[in-house]
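Just below is one structure, and these are the notes that go with it.
Here, each number is a calculation from the coordinates, and none is a lab measurement. Please read all numbers here as calculations on a predicted model, not as lab measurements. Backbone-built Cβ (ideal geometry, glycine too); neighbour counts: all protein chains shown.
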């Protein structure tokens, strides 16, 4: 009887453990701090993209300069 | 500079290597650059806010799929562009193609650096170590990158221009084949920690649900277009260099 009870308790607790969801950063989302991370990542990427645009324009300027020199 | 020469510079034959693409209608040409920035910004926002499956061990790091994997796709795409131009060079003997092939390999190599570093961080928090010799994909990609490093050294060590172009184009084909063998074929034959390899379920099968696809596919397209942008700038600088050298 005790054995059966122990088995039942064991099965029940293992079920409970399985039912527990894997931890995620829900608190960070609830506090809205995730927006800070998004803002930082977006800023970094926008800076990289802006730098690439500046380089793109400089190359274009050089291309036009050489074109004008040739003709 | 007579009238004839200016006429010639205005209308060179389209198939000649000196043919310069008209730069006047640049707004139509730049659409993919804008698209790439918009797509990546979308993935930065929705990649962190969007719903993901709750999984043990992976937890929130599953979102790395949006940032780590597309970098590797961009790298692989650039290496494919590189071999494409290497073959075109060998078929046409036009060194402009070989320069493009070299530039594409450089951009691909550049993208492999953040790919490896982000992979190390992800591995630390899921597999427990920054680097493991049990994963054939990790070591395969390391060997592949070293093969491309040898390609750069080989190309820079040959002074004769035509010889350099021919040898590096042939080596480029070899390097690409080795890269594909090491990162696509070998990891699928043996046990691997990476998903989709060695009997492990791929992300597409269980982990990548439809919500994730909505971010993952735009991220791949965005980063590939971004690598194309860098590739285009490198080509234009190379073209300016060759014009300056000719003068």
Requested in this report: Sort chain B into rounded, prolate or oblate with this rule: let a ≥ b ≥ c be the square roots of the eigenvalues of the Cα gyration tensor; rounded if a/c is under 1.5, and if a/c is not under 1.5, prolate when a/b is larger than b/c, oblate otherwise.
Outcome: oblate
Report task. For chain B, find the longest principal axis of its Cα atoms and tell me its angle to the long axis of helix B:210-246, 0 to 90°, nearest 10. Result -> 30 degrees
Query raised in the report: Just how far, in whole angstrom, is segment B:106-123 from segment B:157-197 if you go by their alpha carbon centroids?
Result: 17 Å
Report task. Give me the number: length gained by fully extending residue B:170 to residue B:54, i.e. 0.36 nm times residue separation minus the C-alpha to C-alpha distance, one decimal in nm. Result -> 37.0 nm
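Could you grab the relative contact order for chain B? Cα pairs under 8 Å, six or more apart, rounded to a whole percent. If you can, show how the numbers build up before the last one.
Working: 252 pairs, mean separation 71.9, N = 247.
Reported relative contact order: 29 percent.
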**Report entry** Estimated Rh, segment A:29-71: Kirkwood, alpha-carbon pairs, angstrom
**Finding:** 12.9 Å
Report summary line: Listing B:37, A:40 by rising number of other beta-carbon atoms within 10 angstrom, fewest first, gives A:40, B:37
Query raised in the report: Angle between the Cα long axis of helix B:136-156 and the longest principal axis of chain B, 0 to 90 degrees, nearest 10?
Result: 20 degrees
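Can you give the calculated 222 nm mean residue ellipticity of chain B, where each DSSP H run of n ≥ 4 adds -39,500 (n - 2.57) and the sum is split over every residue, rounded to the nearest 500 deg cm²/dmol?
Values: 9 runs with 170 residues, N = 247.
Per the formula, -23500 deg cm²/dmol.
For each of B:228, A:47, B:120, count neighbouring Cβ atoms within 10 Å of the residue's Cβ, then give the residues from fewest to most. Please report the intermediate quantities before stating the final value.
Values: B:228 19, A:47 10, B:120 13.
Least to most surrounded, the residues fall as A:47, B:120, B:228.
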Report summary line: So the angle from the long Cα axis of helix B:68-92 to the longest Cα principal axis of chain B, reported in degrees to the nearest 10, equals 30 degrees
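How would B:188, B:236 line up from fewest to most surrounding beta-carbon atoms within 10 angstrom?
Working: B:188 16, B:236 19.
Lowest count first: B:188, B:236.
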Report summary line: Most fluctuating of B:107, B:181, B:81 in the GNM of chain B (C-alpha, under 10 Å) is B:181
Query raised in the report: For labels at residue B:237 and residue A:69 in the simple 7 Å Cα→Cβ model, what's the distance in nm?
Result: 1.8 nm
